[in-house]
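Values quoted throughout were computed directly from the atomic coordinates according to the rules given, and no laboratory measurement underlies them. In this text the structure is predicted, and so the values were computed from the model without any measurement.
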Amino acid sequence: MNLTDSIKRTTLHEELVERLRNLVVEDVLKPGEKVPEKQLCDSLGVSRTPLREALKVLASEGFVVLQANRGARVASVTREELENTFPVLATLEQLAGELACQHVDTAEIQRIERHHRDMLKAYQSRDRQLYFKANQDIHQALIRGARNDVLESHHTLLAARVRRARFMANLSDERWAQAIDEHEVMMDMLKARDADGLGKTMKLHMMNKLSALVKALEAEEC
């Protein structure tokens with residue numbers, strides 16, 4: 001074993017976790033569905049061992065549920081978990097917005113503006129996957145811009161648990177349009193370095209996502 005071998009295995013593990021996570025987030029693997037291990041091994045070109053190690057990570061993040069001797073199932077999104085998680089996440093985003101206004105430089109704001117333009121193009125073309133990526137790039141840039149490692153680590157943990165829910169929250173045209181309006185305000189506040197305004201808008205943005213998702217869950221139950 002040498003350092004090169006170790007790095008390759010780590011990279012494979014991280015890439016595999018990300019690929020599987022995206023299959024859940026993008027609703028390819030659906031809630032309650034048994035994870036098709038053999039099919040995934042064949043399509044991804046990996047053995048069962050790294051696949052199952054990746055599934056353990058997803059289980060710790062709340063994406064799948066491991067069942068003794070029965071493999072794994074995709075976890076369902078529950079209203080209770082969302083209502084417990086989103087207010088905390090929203091508060092972290094509010095603080096991140098306030099701190100980002102104080103710390104980001106002009107180059108960082110320009111990069112966020114590019115992500116914002118990408119998001120608008122994806123919205124106009126109704127490309128949900130590209131929209132979600134650009135949306136996440138914006139939020140992650142603002143979290144990093146806060147320059148607070150404690151905030152970032154806690155946000156990463158909580159965001160992972162509701163990542164699929166955040167992807168689902170723009171299902172309705174009404175909510176999607178509302179989210180775009182909120183992001184427009186966020187950009188204006190960031191460029192003006194209005195810390196209080198950006199923080200409050202980011203918190204409202206997250207709580208509106210929660211409301212939209214709860215409505216979607218209630219509609220599914222009817």
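Using C-alpha pairs under 8 Å with a sequence gap of at least 6, the mean separation divided by the residue count of the chain gives a relative contact order of 24 percent. Restricting everything to alpha-carbon atoms, can you work out Rg to Rh for the chain with a Kirkwood hydrodynamic radius? Rounded to two decimals, Rg over Rh is 0.99. Averaging sequence separations of C-alpha pairs under 8 Å and six or more residues apart, then dividing by the length of region 3-74, give the relative contact order as a whole percent. After rounding, I find 36 percent. Once the chain from Asp105 to Glu182 is taken as fully extended at 0.36 nm per residue, the excess over their C-alpha distance is 25.5 nm. Structural descriptor for region 39-113: relative contact order 12 percent, calculated from alpha carbon pairs under 8 angstrom and at least 6 residues apart.
Between Asn208, Asn148, Asn84, the GNM of the chain built on Cα springs shorter than 10 angstrom shows Asn84 fluctuating the most. Cα centroid separation, region 20-80 to region 114-131: 28 Å.
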